[in-house]
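The values are calculated or read from the model by the stated rules, or taken from the named source; none is laboratory data. Everything quoted here is computed from the prediction, not taken from an experiment. A quick note on method: Cβ atoms are made from the backbone with ideal geometry, for glycine too, and the neighbour counts reach across all protein chains shown. Only protein heavy atoms, including side chains, enter the accessible area calculation; ligands, DNA and RNA are left aside. Shrake-Rupley method; radii C 1.70, N 1.55, O 1.52, S 1.80 Å.
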Amino acid sequence: MTSNWITTRAWLLMLPLLIVMIAIIGWPLVDTVRLSFTDAKLVGTAGGFVGLDNYVKMLSGANFQRTLVTTTLFAVLSVAAEMVIGVLAALLLNQQFYGRSVLRALMILPWALPTVVNATLWRLIYNPEYGALNAALTQIGLLDTYRSWLGEPGTALTALIVADCWKNFPLVALIALAALQAVPRDITAASMVDGASAWARFRFVIMPYLAGPLMVALVLRTIEAFKVFDLIWVMTRGGPANSTRTLSILVYQEAFSFQRAGSGASLALIVTLLVTVLAVAYAALIRKSAGAS
Amino acid sequence: MSALELIDIRKRYGVIETLRGIDLSLASGEFLVLLGSSGCGKSTLLNIIAGLAEATEGDVRIGDRSVTGVHPKDRDIAMVFQSYALYPNMSVARNIGFGLEMRKVPAAERTDAVRKTAKILQIENLLERKPSELSGGQRQRVAIGRALVRDPQIFLFDEPLSNLDAKLRMEMRTELKRLHLMLGTTIVYVTHDQIEAMTLATRIAVMRDGQIEQLATPDEIYNHPATRYVASFVGSPPMNMLEATVAEGIAHIDGSLSGFALPADIREKAGQARDVVIGIRPESLSLAPAGDAALGIDAMVEVVELTGPELVVTSTIGSQRLTASLPPKSAVTAGMAQRFAIDAGALHIFDKATGRRL
């Protein structure tokens, strides 16, 4: 069999998948790029070529800048909290205690739930009239009157971050727990004999084993948090007063609520670019830390 | 003052008792080897001494101070692990100095101590490297250095040489012996390798099923084993164990027609015992002409193996096996009947039922 035929056969075998990929990813992507240079509406006009107008309009608009800040705030705060809580949970679940395996299984639950279910659940908890959070805080005396946690611009974003944390810390915990179990028993024992305190043991002995896997978790979570849509859409739709509007929500509003397909497409591409930059930066970081260890 | 004292140490996991009352006392400067096959409880005992495991009952005393319930770091011990357990992210220098660092020893003093230790172990040129850049033998030296630098009362070694290849193992064995002679430290060393035990120890504790079978000097262990188990565990090839029946001073080897008259002192020790096990080290046997009148035994030669320095001859006496280590040029052929002379002074006799030396 000639190598030529082997190559041809390889392409033939990949062809069905390639066709599907081109149809559902390639073509829409190319079409989005095309759209972004037009003033097309979602319904009706096909739109004419407007050059970089959409990009300039979007990037210089106050909406975009404010949304970028909100998105960054959401991503940084929720991912940071998830990392800390996740590692703490993993350290706890790595201890010997009665009922540990049950707790380990239970911990996965929030992450395993569909986001929409999770979001609905938290909307009930935050409900201004009969929500559990209001009830709990009033009953222990921390709160005088019920508040609308999702209805006030001052608390809505925090409330969303809490919900996101609850859903996603299990993923970090799971990864950290796996990494913890890879720490050789002898190394921990050696550090005990060497006189390391619990903190020093974590900092100097355990952490180097966690760093690599946690970096992966950080990358995954940051990119996901940056693109967050469903959780916020179900809970606040970007409100109140756009205080929880993230980039994905803005894209949706631009393209579908305001039916401006052209500028919506340009915005979507800007978000894609930002996420790509993040991904590339993190990939470089991972490669660097892998090389160091 | 004893450096280490173990008083009736017991360890139970549920209903399983892995240590069943260990008592021993170690003088300062002794090199004690805990010898036994896997699962005999030797590593558990070491971990209990280190404080990494807790005894169910009993007391550990280090330098006349009870350390039961005391954290490993406060026991004044250092430990070398089988896997070396070096911190992979730290340089060799930091690995060695980590114990001092954690004890808040000033940096300058620490650097000094690390250099001195590295010099003793001849690893000064490796101080800046990471453990992943070291060979097995070098890692082992770093692990020993980490223990050495702290100058503790007792060193604990958990099978430290078992991950090394044969040649390196021999080198490191000599190295450890040299260190012990040079520094006069007190050492507890766990191994299943009887050669390591014989060469390194000032005393050996042979362990079996969570108990000390015999605690004695290597010479005593080899030449006067207290039980059949100790006798067969130490020595290579292992001691021949011939089941025999004694009647009127004559030992009849079970399953064969041969037998021999026991020397007077052994006959006395055997007393009224009838069912015994006679232990003969392979090197206590030599070739004898057929019909020789001196103490000896007839056997059928099955296999002859030349190992280099010796000729290992495996024969059968009825259903039992007899191994002899002979000089390499001995005239012996497989398939032939052969009489072996026995060194009368090297005959061991054990009670068949209890396994104890008579």
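Things worth noting here:
- Among the residues of region B:49-88, the ones that are more than 9 Å from chain A (Cβ to nearest Cβ), open to solvent by 30 Å² or more (accessible area, probe 1.4 Å) and either β-branched (Val, Ile, Thr) or in a helix (DSSP H, G or I) (or both) come to 3 in all.
- Flag if residue B:38 is under 25 Å from residue B:213 (Cβ atoms), under 23 Å from the mean Cα position of the chain (by Cα) and part of a helix (DSSP H, G or I): no
- If you go through region A:201-214 and keep only what is within 10 Å of chain B (Cβ to nearest Cβ) and open to solvent by 10 Å² or more (accessible area, probe 1.4 Å), you end up with A:201, A:204, A:207, A:208, A:209, A:211.
- Residue within region A:137-158 that is out of contact with any Pro (no Cβ under 9 Å at 6 or more places or on another chain), under 23 Å from residue A:226 (Cα atoms) and hydrophobic (A, V, I, L, M, F, W, C) present: yes
- Listed by position, the strands (runs of 3 or more DSSP E) contained in region B:165-221 that have at least 1 residues being in contact with a Cys (Cβ under 6 Å, 6 or more places away or on another chain) are B:203-208.
- None of B:349, B:266, B:297, B:317 is in contact with a helix residue (DSSP H, G or I) (Cβ under 6 Å, 6 or more places away or on another chain) and either open to solvent by 10 Å² or more (accessible area, probe 1.4 Å) or more than 20 Å from residue B:236 (Cβ to Cβ) (or both) except B:349.
- Subset of region B:223-238 (residues that are open to solvent by 10 Å² or more (accessible area, probe 1.4 Å) and aliphatic (A, V, I, L, M)): B:226
- Taking helices (runs of 4 or more DSSP H) as the structural unit, those lying wholly within region A:1-110 and holding at least 1 residues that are under 27 Å from the mean Cα position of the chain (by Cα) and not aliphatic (A, V, I, L, M) correspond to A:27-36, A:53-60, A:62-93.
- Considering residues of region A:256-265 that are more than 13 Å from residue A:31 (Cβ to Cβ) and in contact (Cβ under 8 Å) with a residue 12 or more places away in the chain only, the residue least open to solvent (accessible area, probe 1.4 Å): A:263
- Residue within region A:170-186 that is modelled with pLDDT of 85 or more, within 14 Å of another protein chain (Cβ to nearest Cβ), open to solvent by less than 60 Å² (accessible area, probe 1.4 Å) and within 22 Å of residue A:223 (Cβ to Cβ) present: yes
- Complete set of residues in region A:266-293 that are loosely packed, with under 13 Cβ neighbours inside 10 Å and modelled with pLDDT of 85 or more: A:273, A:276, A:277, A:280
- Residue match in region B:95-104 (condition: within 24 Å of the chain's Cα centre (by Cα), open to solvent by 60 Å² or more (accessible area, probe 1.4 Å) and within 14 Å of chain A (Cβ to nearest Cβ)): no
- Residue tally, condition under 19 Å from residue A:252 (Cα atoms), at pLDDT 80 or above and among the small types (Gly, Ala, Ser), over region A:15-59: 2
- Members of region B:293-309 found to be within 17 Å of residue B:257 (Cβ to Cβ) and among the acidic types (Asp, Glu), listed by number: B:298
- Residue within region B:324-342 that is among the small types (Gly, Ala, Ser), open to solvent by 20 Å² or more (accessible area, probe 1.4 Å) and under 17 Å from residue B:245 (Cα atoms) present: no
- Selection status of residue B:91, polar (S, T, N, Q), open to solvent by 10 Å² or more (accessible area, probe 1.4 Å) and out of contact with any helix residue (DSSP H, G or I) (no Cβ under 8 Å at 6 or more places or on another chain): yes
Matching residues to (1) more than 11 Å from chain B (Cβ to nearest Cβ); (2) under 30 Å from residue A:63 (Cα atoms); (3) outside any loop (DSSP other than H, G, I, E, B):
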residue: A:190; (1), (2), (3): no, no, yes
residue: A:219; (1), (2), (3): yes, yes, yes
residue: A:245; (1), (2), (3): yes, yes, no
residue: A:256; (1), (2), (3): yes, yes, yes
